[in-house]
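*Asks:* My questions will all concern the structure given below.
The values are calculated or read from the model by the stated rules, or taken from the named source; none is laboratory data. It should be emphasised that the depicted structure is a prediction, and the values quoted were computed from it without experimental measurement. Here the Cβ positions follow ideal geometry from the backbone for every residue, glycine too, while neighbour counts run over all protein chains shown. For the accessible areas, the whole protein counts, side chains as well, though only heavy atoms, and no ligand, DNA or RNA atoms are used. Shrake-Rupley method; radii C 1.70, N 1.55, O 1.52, S 1.80 Å.
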Amino acid sequence: MSTGIKFCGLRREEDISYVNELDASYAGFIMSPKFWRYVEPNRVLELRSKLNSNTKVVGVFVDEDVSYVAECINNGVIDIAQLHGKESEEYINELRKATSAKAVITKVFLIKSAEDIDKAKASSADFVLLDSGVGGTGTSFDWTLIRDINKDYFLAGGLNPDNVYKAIVDYRPMAVDVSSGVETEKVKDYAKMMLFAQEVNRANSML
């Protein structure tokens with residue numbers, strides 16, 4: 001299976017045009033107001049209307065009320081809820097109930113040890129995302145820890161055009177997630193996004 005691309009932290013119409021041109025699988029929007037990349041739901045709806053129809057829209061939430069996340073799902077703002085905080089299994093179950101089980105959920109795990117990988121393996125979320133921190137840190141974790149993971153996962157944290165090829169060839173994630181790694185002065189940089197996509201495609205051609 002080819003590794004998909006998730007460009008995250010999108011905010012502008014230009015960002016959407018870049019995502020479309022590079023045919024990314026996922027478009028990520030920060031939907032927790034405490035972060036500087038925050039985009040409100042109505043704006044996400046506007047931007048989503050300009051996306052390629054085959055691109056899945058991901059809303060990134062950090063310890064938000066279940067009702068807010070459920071509303072974004074039920075109103076068609078997002079396709080996938082990415083939970084990037086301390087959300088528990090009980091939270092995931094509540095979210096499924098609040099969306100009549102429509103919710104597609106990605107739970108994020110910050111990887112610092114093998115124990116964190118075990119927690120990811122045990123999650124009831126549809127997918128897990130393995131990361132080094134919250135909010136586009138630009139740093140990676142010790143990827144050797146993920147050699148034994150046995151479920152589909154997104155790989156994030158410190159990915160950029162220089163290292164994504166090795167990440168895919170060595171670890172074969174379901175998708176790679178990048179935000180600050182394709183930015184210049186906190187703005188999405190098309191040249192970096194294009195190089196990132198080219199490296200992903202090159203790696204996929206080797207698998």
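*Asks:* Restricting the search to the stretch 152-207, which residues are assigned to a strand (DSSP E or B) and open to solvent by less than 50 Å² (accessible area, probe 1.4 Å)? So that I can check it myself, show each step before the final result.
*Replies:* Kept after step one, since they are assigned to a strand (DSSP E or B), are these residues of the stretch 152-207: 153-155, 175-178, 183-184, 187-188.
Result: TYR153, PHE154, LEU155, ALA175, VAL176, ASP177, VAL178, GLU183, LYS188.
*Asks:* Every residue in the stretch 24-35 that is more than 14 Å from HIS84 (Cα to Cα) and either outside any loop (DSSP other than H, G, I, E, B) or free of Cβ contacts under 8 Å to residues at least 40 places away in the same chain (or both), please. Steps first, please.
*Replies:* Looking only at the stretch 24-35, we keep the residues that are more than 14 Å from HIS84 (Cα to Cα), and these are 24-27.
TYR26, ALA27 - these are the residues of the stretch 24-35 that are more than 14 Å from HIS84 (Cα to Cα) and either outside any loop (DSSP other than H, G, I, E, B) or free of Cβ contacts under 8 Å to residues at least 40 places away in the same chain (or both).
*Asks:* Can you go through ALA120, ALA103, ALA81 and tell me which one is in contact with a strand residue (DSSP E or B) (Cβ under 7 Å, 6 or more places away or on another chain), open to solvent by less than 10 Å² (accessible area, probe 1.4 Å) and assigned to a loop (DSSP other than H, G, I, E, B)? Lay out the reasoning, then the answer.
*Replies:* Working: ALA120 fails: assigned to a loop (DSSP other than H, G, I, E, B); ALA81 fails: assigned to a loop (DSSP other than H, G, I, E, B).
Exactly one residue qualifies, and that residue is ALA103.
*Asks:* Another one. Mind telling me which of the residues TYR18, TYR91 ends up being touching a strand residue (DSSP E or B) at 6+ places or on another chain (Cβ under 9 Å), of a type in the set (Ser, Thr, Tyr) and over 30 Å from ASP116 (Cα atoms)? Step through it out loud before you land on a result.
*Replies:* Details: TYR91 fails: over 30 Å from ASP116 (Cα atoms).
Result of the check over TYR18, TYR91: TYR18.
*Asks:* Does the stretch 36-45 hold any residues that are open to solvent by 10 Å² or more (accessible area, probe 1.4 Å) and part of a helix (DSSP H, G or I), and which are they?
*Replies:* PRO41, ASN42, ARG43, LEU45
*Asks:* Going through ARG48, ARG12 one at a time, which residue ends up being under 28 Å from GLU94 (Cβ atoms) and either surrounded by fewer than 22 Cβ atoms within 10 Å (Cβ to Cβ) or free of Cβ contacts under 8 Å to residues at least 12 places away in the same chain (or both)? Even if it seems obvious, please write down each step before you answer.
*Replies:* Working: ARG12 fails: under 28 Å from GLU94 (Cβ atoms).
Answer to the selection: ARG48.
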